[in-house]
Amino acid sequence: MRRSARVALATIAAAATAVAAAAKIAAFRGEIRNEIDELFAAEHLTPGRVVAEEDLARLPTPVARWLRRAGVVGKRIPRTVRLRQEGEFRLAPGGRWMPFTADEYFSLDPPGFVWVVRMEAAPLLAISGRDRYAGGEGSIDMRLLELIPVASQRGGLLNQGALLRYLNETMWFPAAALDPCISWSEIDEHRAQATISYGGMDGSAIFVFDADGRLLDMTADRYYAAGNRTETWSTPLSNERLLGGMRVPASGYGLWKLGVGDFIYIRLRVTDLDYDPAGPY
């Protein structure tokens, strides 16, 4: 075969591979967009109501103090939420920190979220994908260059982990603390236990507050996918800011309390927050 013919065939093959890769990336992005659209579908949502001071009377004292400080009284309970984050993430203790940006979307009724993330694993080498909780089921789909699966899991014990993540992230939409699927019991002046029941599963966590009602931390026994077991999980919080008209923590980190010591796996900052947005970013 002549060299020119070989070059032509190689060029055609490379072009075909590029087209196939582009189609696969487009399909992956389309799947994620469809999941976000499902979350925002109006037929799954009940109208939000305005929170009154009387709504806080049934709550433990530190929880009611938190909601008053956040500013929920007199505000409508959102049906959907969107926010933007930036920060660093790592996959294992001692691992390399990867800068990331993420958009996250929530529905309150039913409870659910889609976290869409892009991590810079190395120059020109990104891991992209999403973490999702919908219909009581958790799922993860992360891909290198949006093509090569690096993390894929659905259901099972992941449901418990996703349920607790949702409960934790009500820190950014505190009025969800009034949802009937969440029950509260006071531990002391600065701590309360929240139990969320949804999708045939229960999850409990301890919320920690300061004397002024700032949310400082949340701890829970949560499914740790890397070890396929339950471990103590904690999310220390800081940098309270007014975002979306609500006082919420804008910075924090997540850690697992492992036998070898604390493993901090994410450090994040919230850069934008909207309640009942018209749609995705």
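Projecting label points 7 angstrom from Cα along Cα→Cβ for Arg58 and Asp37 puts them 3.7 nm apart.
Using a Förster distance of 22 Å, how high is the FRET efficiency between Ser238 and Ser197, based on the Cβ-Cβ distance and rounded to 0.05?
Using R0 = 22 Å, I get an efficiency of 0.15.
For the charge dipole of the chain, defined by +1 on Lys and Arg C-beta atoms and -1 on Asp and Glu C-beta atoms about the Cα centroid, which residue among Leu237, Gly30, Gly254 has the Cα displaced farthest towards the positive pole? Value: Gly30.
Between Asp179 and Asp210, the simple label model (points 7 Å from Cα in the Cβ direction) yields a spacing of 2.8 nm. Using the Cβ-Cβ distance between Lys24 and Asn228 with R0 set to 30 Å, the FRET efficiency works out to roughly 0.55. Within the chain, the selection of entire DSSP H helices by a Cα span of 24 Å or greater along the long axis and an average Kyte-Doolittle value of at least 0.0 returns 3-39.
Descending by average beta-carbon neighbour count within 10 Å, the peptides 177-188, 137-148 line up as 137-148, 177-188, the highest first. Please say if segment 68-204 is rounded, prolate or oblate, where rounded means a/c under 1.5 for a ≥ b ≥ c the square roots of the C-alpha gyration tensor eigenvalues, and otherwise the choice is prolate for a/b larger than b/c and oblate otherwise? Prolate. Helix content alone sets the calculated 222 nm mean residue ellipticity of the chain: runs of n ≥ 4 DSSP H residues at -39500 (n - 2.57) each, divided across all residues, give -7000 deg cm²/dmol.
Computed from the coordinates by the stated procedures, all read-outs in this text should not be read as laboratory data. Bear in mind that the values here come from a model prediction, so they are computed numbers and not experimental data. Please note: Cβ atoms are built from the backbone with ideal geometry, for glycine as well, and neighbour counts cover all protein chains shown.
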